[in-house]
Amino acid sequence: MTKLSGSDNKRGSSFHLGSGETRLTYKVTGKTMPVFAVYVVDKGDSIDKSGGIPEVWVSKAGSDTTMLAQGEGDYYLDVKAANCTWTVTIEEMK
């Protein structure tokens, strides 16, 4: 499991995913036009270099869960956010 929280853009430390199903849960709070995007990036890569499509991209406060399709490997979270506080949790189901 890995967890990251903040109120602005942030990159997390790397984590390893095995072959099990993986769940991403997020919570966003903010009243004035929050912007929030979560990228799950291969360790050693960068969305600044390679681009990417966020796993989650919301423009209002709330919380939800989504399943990830990444395979076994090492990853890190790259969160782009403004006007909000947020928490992201990655859990591998074993």
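Tabulated data
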quantity	calculated
Lone qualifier among 28, 38 - being closer than 11 Å to residue 77 by Cβ and β-branched (Val, Ile, Thr)	38
Strands (runs of 3 or more DSSP E) (entirely within the chain) containing at least 3 residues that are surrounded by 16 or more Cβ atoms within 10 Å (Cβ to Cβ)	22-29, 35-42, 73-82, 85-92
Single condition residue 89 does not satisfy, out of (1) over 17 Å from residue 4 (Cα atoms); (2) in contact with a Lys or Arg (Cβ under 8 Å, 6 or more places away or on another chain); (3) modelled with pLDDT of 95 or more	(1)
Close pairs (7 angstrom Cβ cut-off, 6 or more residues apart or separate chains): touching a residue at least 40 places away in the same chain (Cβ under 8 Å) and at positive phi in the range 41-61, outside any strand (DSSP E or B) and surrounded by 10 or more Cβ atoms within 10 Å (Cβ to Cβ) anywhere	none
Selected residue (criterion: nearest to the chain's Cα centre (by Cα)) from residues of the range 25-43 that are closer than 18 Å to residue 2 by Cβ and either aromatic (Phe, Trp, Tyr) or modelled with pLDDT under 95 (or both)	39
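The values are calculated or read from the model by the stated rules, or taken from the named source; none is laboratory data. Everything numeric in this text was worked out from a predicted model, so none of it was measured. Because the Cβ atoms are built from the backbone with ideal geometry, glycine has one as well, and the counts that use them run over all protein chains shown.
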